[in-house]
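Report on the following structure.
The values are calculated or read from the model by the stated rules, or taken from the named source; none is laboratory data. Computed from a predicted model, the values in this text were never measured in an experiment. A quick note on method: Cβ atoms are made from the backbone with ideal geometry, for glycine too, and the neighbour counts reach across all protein chains shown.
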Amino acid sequence: MTVQIKDMTLDKVAIGPVAARVYQGAEYSKSPPVLIYFHGGAFQGTVPQESEFAHLIAETGAIVVMPDYNVPLGSVFPKPLETGFSIFSYLAKKRAGLGNRKSLLLVGGVEAGGNIAAAVALKARDHFADELDGQILLSPLLDPFMGSASFQKAGEFGMKNIWADGWSHYLSTGMCHPYAAPCMCSRLTGVAPALVLSSQDDPLKDETLGFATCLKNAGVEVHQHVLPAGTGWPSLYGGKTDETPSWQETVSTQFSGFVQSVSVH
């Protein structure tokens, strides 16, 4: 499917205008799923020129909205979350020409963006915003202590110092609220269903799967999949690898299955 990419401004968001890049398949359905996708970048990144994941998901018939969420208010907690939740609230009410009232509304993200997506899902639960239909968490960066066994491999992918600096930046106000580190949240009941993806050689695998387990224990519907090592998965968030990425088909299938599942519910 041909994918159209356009830049737009969400100019009526409560916190002020937010620039966004939109990926949309040329033959999307009448009520396509809408995914607000938060990019990675260790809490300091901006919208990438090209996102293979966003392109892939648009090919399934979804509309992917990738906002520049670190720009309007800044990139230190809680500002990115405030921006992300404002975008979610705006699209939940207005849609801004993206999908329609019957479209599923999802949030998702990779690495630091996965943290923002998980936090938006928590805040949506806390504000009784049941317009959120699901969350897509791709190797979310959730644990500021960086103490898991799999994290010890972060240096092999050139990410250890980047993530340490990223956490120091994001939490530089001294706040470590559960919205800032969702893995520390003790009350997860009632959040939106989740699709959680990682790989066997992913340094963020343990905190990703640990959070998935906590969600399941709280009664949340969780779809999880761990890709085998050697698929080039860490390159999704900037990890250095010589492997040619081969995760695309699996991720596309997982996303389509998740959308079908939440559609039924």
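Within segment 103-118, count every residue that is within 11 Å of residue 88 (Cβ to Cβ) and among the charged types (D, E, K, R). Count: 0.
Scan segment 116-155 for residues that are assigned to a helix (DSSP H, G or I), within 20 Å of residue 37 (Cβ to Cβ) and either hydrophobic (A, V, I, L, M, F, W, C) or at pLDDT below 95 (or both) and the total you get is 8.
Is it fair to say residue 113 is assigned to a strand (DSSP E or B), crowded, with 24+ Cβ neighbours inside 10 Å and in contact (Cβ under 8 Å) with a residue 40 or more places away in the chain? Taking the combined requirement at face value, the residue does not satisfy it.
Among the residues of segment 8-25, the ones that are out of contact with any helix residue (DSSP H, G or I) (no Cβ under 9 Å at 6 or more places or on another chain), crowded, with 17+ Cβ neighbours inside 10 Å and not in a strand (DSSP E or B) come to 0 in all. Among the candidates 111, 131, 156, the residue that is in contact with a strand residue (DSSP E or B) (Cβ under 8 Å, 6 or more places away or on another chain), of a type in the set (Asp, Glu) and within 19 Å of residue 232 (Cβ to Cβ) is uniquely 111. Return yes or no: is residue 71 surrounded by fewer than 19 Cβ atoms within 10 Å (Cβ to Cβ) and either in a loop (DSSP other than H, G, I, E, B) or among the aromatic types (Phe, Trp, Tyr) (or both)? In short, yes. Selection within segment 89-100: residues that are assigned to a loop (DSSP other than H, G, I, E, B) and surrounded by fewer than 19 Cβ atoms within 10 Å (Cβ to Cβ). The member of this set that is modelled with the highest pLDDT is 100. Scanning segment 250-261 finds no residues that are touching a Pro at 6+ places or on another chain (Cβ under 6 Å) and of a type in the set (Ser, Thr, Tyr). Scanning segment 208-265 for residues that are surrounded by fewer than 13 Cβ atoms within 10 Å (Cβ to Cβ), of a type in the set (Asp, Glu) and assigned to a loop (DSSP other than H, G, I, E, B) yields a count of 1.
Residues in segment 168-204 that are surrounded by fewer than 22 Cβ atoms within 10 Å (Cβ to Cβ) and not in a loop (DSSP other than H, G, I, E, B): 168, 169, 183, 184. From the list 139, 103, which one is among the polar types (S, T, N, Q), crowded, with 20+ Cβ neighbours inside 10 Å and touching an Asp or Glu at 6+ places or on another chain (Cβ under 6 Å)? Matching residue, one of 139, 103: 139. In segment 71-90 there is at least one residue that is over 21 Å from residue 40 (Cβ atoms) and in contact (Cβ under 8 Å) with a residue 60 or more places away in the chain.
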